[in-house]
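Take this structure first; my questions come after.
The values are calculated or read from the model by the stated rules, or taken from the named source; none is laboratory data. It should be emphasised that the depicted structure is a prediction, and the values quoted were computed from it without experimental measurement. Because the Cβ atoms are built from the backbone with ideal geometry, glycine has one as well, and the counts that use them run over all protein chains shown. The protein model used for the area step is the full one, side chains on, heavy atoms only, and it has no ligands, DNA or RNA in it. Shrake-Rupley method; radii C 1.70, N 1.55, O 1.52, S 1.80 Å.
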Amino acid sequence: MSKAVSALSGAKFAGFATVTETGLRGMITVRGDLASKEMAAAVKSATGAGVPDQRKVSVGDKGKVAWMSPDELLVVVEYATVLDTVATLTTALAGSHALVANVSDARAVFEISGEGSRDALAKLAPVDLSKSAFAPDEIRRTRIAQVPAAFWQTGDSCFEVICFRSVAQYVFDVLRLSVTNGGEVHHLV
Amino acid sequence: MLTLQCPYCGVWAEETELHAEGEAHLKRFGPGSSDDEFESYLFMRENPKGVHFERWRHSNGCGKFFHAARSTTTLEVFGTYSAQTLEPPQDIKDKISAKYPNWSWRDFS
């Protein structure tokens, strides 16, 4: 089997915040009835986390689970364990009407860290990113400039952005432009 | 700028996160229908000055279709609701009636 590489091989840019392509990440799309016992058990055994509430991310010992829509979850795990996790989920959901798909290689992940990360992201997405509006355990599916993306917080001033791998270079470029020194907004607190 | 609340994910999404998908509450006429019914299903659309019902899709978000009731003249939004319905919910109709007592739109009023 050929060696898997991430979209931009860890590209990095430091301005008033730092943008890093984080490398390979295991991501699994799970669709089905989120309220069912089977779904709760499957997600629990795969990640250790519970089924998240609307627009929330729940974190377990083996990975995290993000709410994508009323019938869809995104399970995020280490890239090395993604096939095992898919197997666990598929087995646990075998009896119900559900879908488990490994989408790891269709995605790219970026980290924006530093004091100005909130500002940098707010310039690109139509989302209120002030601390009072955007909760630390929230996921927001939206757009970054012209392409669909989603992001959540991993720390006080640290965000992770996921997008399609085919637009990874575009997203890196707009993020790089957004964090370039001189572009600080100092609006969000 | 139009801001609608997606009834599926609860996000207050502005226009660029959404995609307009035409008129709401269309009844499909397929094989076996008359030419007139098929023509009206395919081509005949409301173009009101005032209360209108539209279908939107939260395309840069949860991806779901939903319905919105709004005024085309004032851009006032009366509400958004699930697309799994054949007519607007009563509370939205009441809200419209409070503002425009004699409104009507296709078979609704």
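For a quick check of your reading of the model, give me the residue pairs whose first member lies in segment A:40-63 and is within 19 Å of A:ASN102 (Cβ to Cβ) and touching a residue at least 24 places away in the same chain (Cβ under 8 Å), whose second is open to solvent by 40 Å² or more (accessible area, probe 1.4 Å) and among the charged types (D, E, K, R), with beta-carbon atoms closer than 6 Å and at least 6 apart or on different chains.
Within 6 Å, the pairs are A:THR47/A:LYS62.
Sticking with this one: Restricting attention to segment A:12-24, report how many residues are charged (D, E, K, R) and open to solvent by less than 50 Å² (accessible area, probe 1.4 Å).
Selection size over segment A:12-24: 1.
Could you tell me how many of the residues in segment B:1-26 are more than 14 Å from the chain's Cα centre (by Cα) and away from chain A (no Cβ under 13 Å)?
0
Tell me, which residue of segment A:30-44 that is under 17 Å from A:ALA94 (Cβ atoms) and outside any helix (DSSP H, G or I) is farthest from the other protein chains (Cβ to nearest Cβ)?
Quick first cut of segment A:30-44, residues under 17 Å from A:ALA94 (Cβ atoms) only: A:30-33, A:36-44.
Keeping just the survivors that are outside any helix (DSSP H, G or I) gives A:30-33, A:36.
Numbers: A:VAL30: 15, A:ARG31: 11, A:GLY32: 15, A:ASP33: 15, A:SER36: 18 Å.
The residue in question is A:SER36.
Hey, does segment B:79-88 have a residue that's aliphatic (A, V, I, L, M), crowded, with 17+ Cβ neighbours inside 10 Å and either over 23 Å from A:ARG143 (Cβ atoms) or more than 14 Å from every other protein chain (Cβ to nearest Cβ) (or both)?
Of the residues in segment B:79-88, the ones aliphatic (A, V, I, L, M) are B:83, B:86.
In the following step, the residues that additionally are crowded, with 17+ Cβ neighbours inside 10 Å were identified as B:83.
Still in the running and either over 23 Å from A:ARG143 (Cβ atoms) or more than 14 Å from every other protein chain (Cβ to nearest Cβ) (or both): none.
Scanning segment B:79-88 turns up no residue that is aliphatic (A, V, I, L, M), crowded, with 17+ Cβ neighbours inside 10 Å and either over 23 Å from A:ARG143 (Cβ atoms) or more than 14 Å from every other protein chain (Cβ to nearest Cβ) (or both).
Kindly check whether there is at least one residue in segment B:35-55 that is in contact (Cβ under 8 Å) with a residue 12 or more places away in the chain and closer than 28 Å to A:VAL147 by Cβ.
There is at least one residue in segment B:35-55 that is in contact (Cβ under 8 Å) with a residue 12 or more places away in the chain and closer than 28 Å to A:VAL147 by Cβ.
Go over the candidates A:ALA145, A:ALA120, A:ALA149 one by one and state the one that is more than 14 Å from chain B (Cβ to nearest Cβ), open to solvent by less than 30 Å² (accessible area, probe 1.4 Å), closer than 18 Å to A:LEU177 by Cβ and small (Gly, Ala, Ser).
Sole residue among the options that is more than 14 Å from chain B (Cβ to nearest Cβ), open to solvent by less than 30 Å² (accessible area, probe 1.4 Å), closer than 18 Å to A:LEU177 by Cβ and small (Gly, Ala, Ser): A:ALA120.
Would you confirm, using the coordinates I've provided, whether B:GLU37 is open to solvent by less than 80 Å² (accessible area, probe 1.4 Å), over 12 Å from the mean Cα position of the chain (by Cα), acidic (Asp, Glu) and away from chain A (no Cβ under 14 Å)?
yes
Looking at segment B:83-102, can you tell me whether even one residue there is part of a strand (DSSP E or B) and farther than 23 Å from A:ALA149 by Cβ? Talk me through it step by step, then tell me what you get.
Filtering segment B:83-102 down to residues part of a strand (DSSP E or B) leaves none.
Within segment B:83-102, not a single residue is part of a strand (DSSP E or B) and farther than 23 Å from A:ALA149 by Cβ.
Filter segment A:45-101 down to the residues that are of a type outside the set (A, V, I, L, M, F, W, C), in a strand (DSSP E or B) and either open to solvent by 10 Å² or more (accessible area, probe 1.4 Å) or farther than 30 Å from B:HIS58 by Cβ (or both) and list them by number.
Listed by number, the residues that qualify are A:LYS56, A:SER58, A:LYS64, A:GLU72.
Another one. Inside segment B:74-83, can you point out the residues that are polar (S, T, N, Q) and at pLDDT 95 or above? If you could, list the steps in order and put the result at the bottom.
Filtering segment B:74-83 for residues polar (S, T, N, Q) gives B:74, B:80, B:82.
The answer is B:THR80, B:SER82.
Determine which single condition B:LYS99 fails, assuming it passes every other condition in (1) in contact with an Asp or Glu (Cβ under 7 Å, 6 or more places away or on another chain); (2) modelled with pLDDT under 95.
(1)
In the list A:VAL185, A:VAL127, which residue meets the criterion of being within 14 Å of another protein chain (Cβ to nearest Cβ) and more than 19 Å from A:GLY23 (Cα to Cα)?
A:VAL127
Then there is this: Collect the residues in segment B:42-71 that are more than 15 Å from B:LEU26 (Cα to Cα), assigned to a loop (DSSP other than H, G, I, E, B) and away from every other protein chain (no Cβ under 14 Å), keeping them in residue-number order.
At the first step, the residues of segment B:42-71 found to be more than 15 Å from B:LEU26 (Cα to Cα) are B:48-51, B:57-64, B:70-71.
Restricting the remaining residues to those that are assigned to a loop (DSSP other than H, G, I, E, B) gives B:48-50, B:58-64.
Answer for segment B:42-71, where residues must be more than 15 Å from B:LEU26 (Cα to Cα), assigned to a loop (DSSP other than H, G, I, E, B) and away from every other protein chain (no Cβ under 14 Å): B:PRO48, B:LYS49, B:GLY50.
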